[in-house]
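Read the figures in this text as sums done on the coordinates, not as results from a lab. As the structure is a prediction and not an experimental result, all values here were calculated from the model. Backbone-built Cβ (ideal geometry, glycine too); neighbour counts: all protein chains shown.
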Amino acid sequence: MGEQPIFTTRAHVFQIDPSTKKNWVPASKQAVTVSYFYDVTRSSYRIISVDGAKVIINSTITPNMTFTKTSQKFGQWADSRANTVFGLGFSSEQQLTKESGCETPSSAQASSVNGTDDEKASHVGAADAHLKSENDKLKIALTQSAANVKKWEVELQTLRESNARLTAALQESAASVEQWKRQFSLSRDENQRLRNKIHELEEQCSEIDREKERSTQLKRRIEELESEVREKETELNDLRKQSEIIPQLMSECEFVSEKLEAAERDNQNLEDKVRSLKTDIEESKYRQRHLKVELKSFLEVLDGKIDDLHDFRRGLSRLGADH
């Protein structure tokens with residue numbers, strides 16, 4: 001049946017610096033796909049990671065390997081065949097826990113490396129029934145691996161000494177790379193589809209935000225209109241109150257109008273009287289002037305008469321004196 005993929009994750013890959021054996025050297029510029037394969041024919045496990053066309057991990061798991069958690073998000077294991085130490089950096093502690101749950105093929109090492117069976121759950125988005133089936137297969141494979149430890153050791157030694165076997169392993173790796181290239185192409189297409197979907201959702205979110213803004217503006221406008229309506233209602237109530245006293249005001253206005261008309265009539269009568277009085281005054285002035293003329297004439301006549309009387313008296317006096 002060949003190799004079957006049983007687990008896939010993403011991590012930053014590191015290798016120990018061969019000169020210092022202390023510092024980590026990044027084997028990838030970014031997080032890459034790290035996959036676990038089980039070879040049913042050989043009852044063996046391999047860890048493979050490809051960055052583009054470059055194979056950066058091709059590690060066959062042996063019983064003496066131990067995956068060590070050095071921090072919450074970093075784990076490492078030594079590969080004597082590759083004469084190096086690999087390190088994986090994860091984005092979360094949960095991924096690291098799942099990683100360690102698939103690292104060893106030996107049930108004897110399960111307690112030190114794998115943790116509990118609950119930690120072996122794959123984060124691949126398959127159904128629970130499929131995960132359970134894969135876990136059962138993994139348990140069977142671990143049991144078979146424990147029974148064939150000696151056989152693996154001999155095979156490992158043979159692989160170290162045989163360039164032909166190494167070439168075969170590389171050819172198998174190349175075949176696996178091609179398979180993962182196809183899977184990568186499918187993943188890339190799916191990723192593009194998801195990106196397009198995200199873009200559509202972002203556009204929808206933007207439209208929702210615009211609708212929310214318009215709704216907020218409409219709410220403010222409605223509040224302003226409600227405030228104006230309340231003001232108009234207040235004015236209407238004031239007008240209604242004023243309308244209640246309009247009959248009284250009209251009655252008072254009619255009364256005032258009647259009084260005004262009466263006053264106008266009185267004023268007209270007074271004006272007529274004034275004109276009559278002016279006429280009488282003019283006539284009186286005329287009579288006074290006429291009387292003054294007549295009085296003056298009378299006084300002149302009277303003065304003449306008086307003078308005549310004085311003359312007469314003087315004459316009488318002389319006559320009396322003569323007698």
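Order 206-214, 178-186 from most to least packed using the mean count of other Cβ atoms within 10 Å. Display every interim value, and only then the final one.
Details: 206-214: 10.0, 178-186: 13.2.
Highest mean packing first, the order is 178-186, 206-214.
One decimal place: the segment Asn196-Tyr286 gains 20.3 nm when fully extended, by the rule 0.36 nm per residue minus the C-alpha distance.
State whether segment 7-94 is rounded, prolate or oblate according to the following rule on the C-alpha gyration tensor (a ≥ b ≥ c being the square roots of its eigenvalues): a/c under 1.5 gives rounded; otherwise a/b larger than b/c gives prolate, and the remaining case gives oblate. Walk me through the intermediate numbers first.
On the way: a/c = 1.39, a/b = 1.23, b/c = 1.13.
Here segment 7-94 falls in the rounded category.
3J(HN,Hα) along segment 14-20, derived from phi through the Karplus expression 6.51 cos²θ - 1.76 cosθ + 1.60 where θ = phi - 60°, amounts to 10, 10, 5, 5, x, 7, 9 Hz, with x in place of Gly and Pro.
Loop-located trypsin sites (Lys or Arg not before Pro) in segment 293-323 (DSSP state not H, G, I, E or B) with no more than 13 neighbouring Cβ atoms inside 10 Å do not occur. Multiplying the residue separation of Arg188 and Leu225 by 0.36 nm and removing their Cα-Cα distance gives an extension gain of 7.9 nm.
Relative protection proxy for 90-96, 265-271, from highest mean packing down: 90-96, 265-271 (other beta-carbon atoms within 10 angstrom).
For the listed residue pairs Lys21/Lys73; Lys29/Lys73; Lys69/Lys181; Lys21/Lys181; Lys197/Lys219; Lys29/Lys181, the alpha carbons are over 26 angstrom apart in Lys69/Lys181; Lys21/Lys181; Lys197/Lys219.
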